[in-house]
1. Kindly provide the set of residues from region B:311-362 that are among the hydroxyl-bearing types (Ser, Thr, Tyr) and under 14 Å from B:ILE299 (Cα atoms), ordered by number.
2. Of everything in region B:195-227, what is away from ligand 1 (no atom under 16 Å from the Cβ) and of a type outside the set (Lys, Arg)? Give them in sequence order.
3. Here is a check on your reading of the model: is B:GLU133 part of a helix (DSSP H, G or I), free of Cβ contacts under 8 Å to residues at least 24 places away in the same chain and of a type in the set (Asp, Glu)?
4. Name every residue in region B:94-112 that is in contact with a Lys or Arg (Cβ under 7 Å, 6 or more places away or on another chain) and at the interface with chain A (Cβ under 8 Å from one of its Cβ atoms), in order of residue number.
5. Given the residues B:SER231, B:SER149, which is the only one that is modelled with pLDDT under 95, of a type in the set (Ser, Thr, Tyr) and either more than 16 Å from ligand 2 (Cβ to nearest atom) or over 12 Å from the mean Cα position of the chain (by Cα) (or both)?
6. Taking the conditions exactly as written (in contact (Cβ under 8 Å) with a residue 40 or more places away in the chain, more than 16 Å from ligand 1 (Cβ to nearest atom) and in a helix (DSSP H, G or I)), does B:ARG160 satisfy them or not?
7. Looking only at region A:140-188, how many residues end up being hydroxyl-bearing (Ser, Thr, Tyr) and either in contact with a Leu (Cβ under 8 Å, 6 or more places away or on another chain) or crowded, with 24+ Cβ neighbours inside 10 Å (or both)?
8. Identify the residue in region B:206-259 that is assigned to a loop (DSSP other than H, G, I, E, B) and of a type in the set (Gly, Ala, Ser) and, among all such residues, is farthest from B:TYR330 (Cα to Cα).
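The values are calculated or read from the model by the stated rules, or taken from the named source; none is laboratory data. This is a predicted model, so every value here is computed, not measured. A quick note on method: Cβ atoms are made from the backbone with ideal geometry, for glycine too, and the neighbour counts reach across all protein chains shown.
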Amino acid sequence: MDRVKRTLAPYLLVLPGGLWLVVFFAVPMATMVSLSLQEGDVVNGFVFTGHWQNYVESLADYQTQLIRSLVYGAVTSFVLIVLAFPVAYWIAFYGGRRKATYLFLILLPFFVSFVLRTISWRMLLTDDGVLLHPLKEAGILPGDFQVLGSATAVIAGLVYSFLPFMVLPIYVALERIDPRVVEAARDLYASPVSSFTKVIFPLALPGVFAGVLMTFVPASSDYVNSELLGSSETTMIGQVIQSKFLSNSDYPSASALSFTLMAVLLVGIFVYARALGTEDVMKVAAR
Amino acid sequence: MTTPPSTPAAHPAIEFAGVRKDYISHGEAVPAVKSLDLAIGQGEFFSLLGPSGCGKTTTMRMIAGFEEPTAGKVFLDGKDVTGVAPNKRDVNMVFQSYALFPHLTVQQNVAFGLERRKIAKDEIKRRVGEMLEIVSLTGMERRQPKEMSGGQQQRVALARALVNHPRALLLDEPLGALDLKLRQQMQIELKRIQREVGITFVYVTHDQGEALTMSDRIAVMNGGLIEQLGSPRDIYERPATRFVAGFIGTSNIIDGNVSWSDQGYAVLDKGPGERVVVPVPGGVAVGRNIEVSIRPEKIDLHRTIPAEVTGSLLSGVVSEVVYHGTSTNYTVVTSAGTDFVVFDQNAHDAEDVASRGERVFLTWAPQHSYPIGV
Ligand SMILES: Nc1ncnc2c1ncn2[C@@H]1O[C@H](COP(=O)(O)OP(=O)(O)O)[C@@H](O)[C@H]1O
Ligand SMILES: [Mg+2]
């Protein structure tokens, strides 16, 4: 009896979460796959015809937005590494007893709704807003200078939105480094710079990897930042999918685009993982 | 003693001149090393021995350059290195936790220092191979540290430091994490390696047995100061302070007023017929209170009062008998008021000499009494 209980226990434990996944992930996924292969319109209804051309057509129509999204996502992740690494480094090595406080400060903006936060950025970047107005007055910037509506504004918004998702994993990786190991590098004739490049950075790499994973995917499929801070020149694939679903009721091509995006991201991550070496991926997985 | 190395050793390998080190803790200066004047010779196996918190690690970290003295200077090979960065000092450290680079293989760990110093690739390969042979790790070049046992990691740490041929190797309780058997094996191994490479070893330990067996000289530290500096024999046989006598092995310490002093000997009267005879080459004034240390293995235990006693004699009652295999340890409450510990070798006696509660007599030769600080 006890043995039966013990063999069953793990399955029972996984049951609630498993059911949740089946109901709220697998079922909608299957529905979406089916939707992406249907034809028709809202008025007359959709029928499943295995119309795979939905994929070809939507990709042909929106490849610009898709590529743009991936580029924005990649640039965002890159800028985030550059910005987040020093912050995480400082907190991990110089935070002293206040580490928890600093991490909390990094998370603090996230207690405000992200739509509100993005709207505030809009006010910040607007043509005669708090940021640009004084600079224009002072003659540092030309009078017709604009940020809002540009790729810069969208990427700035994305970077801001996902900062903690890069800081936290890098911080965790740095925090795990035994300070003696860094001292050992210095003891073995490494200058401060080479003890960083040869020891600290390689040991933090799994954190960087996790950070890229956690920022590149949501940044590439984001639709809020471009909607509020961008223009028609910055339209991202997320916006296209959103408007097809909610405004145009073109469910099949919206679904087809969603799957295309998903496939591209999965392939991208796979290639990225292979390029970095499976070793590091395993390390992230093991932690 | 030994033949001088190829370059005449004009300077000690390591020298501390008037060094003090305070840590700032909660805005207050806490002294870790109070006053240190010390010269460690070329090729010497030198141990810093003392209880936890006495300043051993701090002393070692000042040699490596991880801490700077609050006052005073540190010299390596006669050159003032105070304020010089750790990577510019020609000494290497073996950390207690080994601190191996977890992302590098054994080969890469050992090659790290040579690569930083831009040594040619094929020479690095040769030297790493040689060093791995010395520490018996040949064939493990491609392993990651986490795939190795504690003892093997210890050898990697040693090889990683020694391969650079530093002027001195600093070892901070390097065997602390190993179990007893492995520790004893590594003690012999370390001593062999030190002889083989001829590099100065500075060895930090709180294990007196380890320090006594391995060192050429030992500095016994306590509370940020050196209590005594000398050869293992000096320190064991002639402890300079009560602390050293107590810290190194077991000592019986008895004090009393000098009742008679002549020709380099003093006698402490301890009741009718009982006395402690102690050599005091410099002489000592009658009436002065002195402390005398006696090692437990130097004392003879008798059930009847011996006919002829040339040295010290005390009587007492056995309060504890502990059998240790090679010896039996007796605790005796003496009539003089001090507890004495006596180690009796089990070479001849198949039975215990005395049992609990029995009245016994302790005797020892004059030269086995050692006056502390006289
Ligand atoms: N970084 C530090 N900050 C404050 N106090 C320290 C620091 N390192 C050591 N100490 C204190 O200095 C004293 C000596 O420490 P240490 O040199 O590590 O002793 P040992 O190695 O002999 O155990 C101890 O009282 C310890 O608490
Ligand atoms: Mg220590």
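1. As a first pass, look at region B:311-362 and keep what is among the hydroxyl-bearing types (Ser, Thr, Tyr): B:312, B:315, B:319, B:323, B:326-328, B:330-331, B:334-335, B:338, B:355.
Result: B:SER312, B:SER315, B:SER327, B:THR328, B:TYR330, B:THR331, B:THR334.
2. So in region B:195-227, the residues away from ligand 1 (no atom under 16 Å from the Cβ) come out as B:195-201, B:209, B:212-217.
Residues satisfying the conditions are B:GLU196, B:VAL197, B:GLY198, B:ILE199, B:THR200, B:PHE201, B:GLY209, B:LEU212, B:THR213, B:MET214, B:SER215, B:ASP216.
3. Values: part of a helix (DSSP H, G or I): yes; free of Cβ contacts under 8 Å to residues at least 24 places away in the same chain: yes; of a type in the set (Asp, Glu): yes.
Spelling it out, B:GLU133 is indeed part of a helix (DSSP H, G or I), free of Cβ contacts under 8 Å to residues at least 24 places away in the same chain and of a type in the set (Asp, Glu).
4. So in region B:94-112, the residues in contact with a Lys or Arg (Cβ under 7 Å, 6 or more places away or on another chain) come out as B:95, B:97, B:99, B:102, B:105-107, B:109-110, B:112.
Once the filter is applied, which keeps residues that are in contact with a Lys or Arg (Cβ under 7 Å, 6 or more places away or on another chain) and at the interface with chain A (Cβ under 8 Å from one of its Cβ atoms), region B:94-112 yields B:PHE95, B:SER97, B:ALA99, B:PRO102, B:PHE112.
5. Values: B:SER231 fails: modelled with pLDDT under 95.
Result: B:SER149 is the single residue among B:SER231, B:SER149 that is modelled with pLDDT under 95, of a type in the set (Ser, Thr, Tyr) and either more than 16 Å from ligand 2 (Cβ to nearest atom) or over 12 Å from the mean Cα position of the chain (by Cα) (or both).
6. Working: in contact (Cβ under 8 Å) with a residue 40 or more places away in the chain: yes; more than 16 Å from ligand 1 (Cβ to nearest atom): yes; in a helix (DSSP H, G or I): yes.
The answer is yes for B:ARG160.
7. Looking only at region A:140-188, we keep the residues that are hydroxyl-bearing (Ser, Thr, Tyr), and these are A:150, A:152, A:160-161, A:171.
With the extra rule that they be either in contact with a Leu (Cβ under 8 Å, 6 or more places away or on another chain) or crowded, with 24+ Cβ neighbours inside 10 Å (or both), the set shrinks to A:171.
Result for region A:140-188: 1.
8. The first filter runs over region B:206-259 and keeps only residues assigned to a loop (DSSP other than H, G, I, E, B), leaving B:206-207, B:215-216, B:223-224, B:231, B:238-241, B:248-251.
From what's left, of a type in the set (Gly, Ala, Ser): B:215, B:223-224, B:231, B:240, B:249, B:251.
Numbers: B:SER215: 30, B:GLY223: 32, B:GLY224: 35, B:SER231: 29, B:ALA240: 26, B:GLY249: 16, B:SER251: 13 Å.
Going through the qualifying residues, I end up with B:GLY224.
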